[in-house]
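S.K.: Could you have a look at this structure, given as C-alpha cells, before my questions?
The values are calculated or read from the model by the stated rules, or taken from the named source; none is laboratory data. As the structure is a computational prediction, the values presented were derived from the model and not from experiment. Because the Cβ atoms are built from the backbone with ideal geometry, glycine has one as well, and the counts that use them run over all protein chains shown.
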Amino acid sequence: MTLYDAPVGGCFRVVAIHSTPSLKLRLSALGLTKGAQVTVLSRRRSAVVFRVRGARYAAAKGAASCVILSQTGR
C-alpha cells in the first residue's frame, strides 16, 4: 500500500520509494527512507499528514502515492 492509501492511525514501515530522483531526495530529507517507521495522522482529499522520526509532515497526494509501506505489528 502507499502512504496516501494507508489508514489513519496505522503504523507502517517504508518499503520503497518509486519516484524521480529529485522527489526521492526530497522525501529522504524528511526522513522517509527504507525501513523508517511512519504513522499516518490524517488525510485530506489532496494530502496526507504523517509522523516520521518524531516530526510531523504533510505530503501532497502525488508524492505520498510514491511511498510504498508495509504494516508493522503495532
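S.K.: Among (1) out of contact with any Lys or Arg (no Cβ under 6 Å at 6 or more places or on another chain); (2) at pLDDT below 95; (3) surrounded by 14 or more Cβ atoms within 10 Å (Cβ to Cβ), there is one condition residue 38 misses while meeting the rest; what is its number?
M.R.: Among (1) out of contact with any Lys or Arg (no Cβ under 6 Å at 6 or more places or on another chain); (2) at pLDDT below 95; (3) surrounded by 14 or more Cβ atoms within 10 Å (Cβ to Cβ), residue 38 violates only (2).
S.K.: Failed condition for residue 39, given (1) more than 12 Å from residue 5 (Cα to Cα); (2) over 11 Å from the mean Cα position of the chain (by Cα); (3) in contact (Cβ under 8 Å) with a residue 24 or more places away in the chain, with all others met?
M.R.: Of everything listed in (1) more than 12 Å from residue 5 (Cα to Cα); (2) over 11 Å from the mean Cα position of the chain (by Cα); (3) in contact (Cβ under 8 Å) with a residue 24 or more places away in the chain, residue 39 misses just condition (2).
S.K.: Further question on the same structure: Restricting to the range 1-33, and then to whatever is modelled with pLDDT under 95 and among the basic types (Lys, Arg), can you tell me which residue is nearest to residue 72 (Cα to Cα)?
M.R.: In this case the residue turns out to be 24.
S.K.: Let me ask something additional. Please enumerate the residues belonging to the range 11-59 that are polar (S, T, N, Q), under 19 Å from residue 70 (Cβ atoms) and in a strand (DSSP E or B).
M.R.: 37, 39
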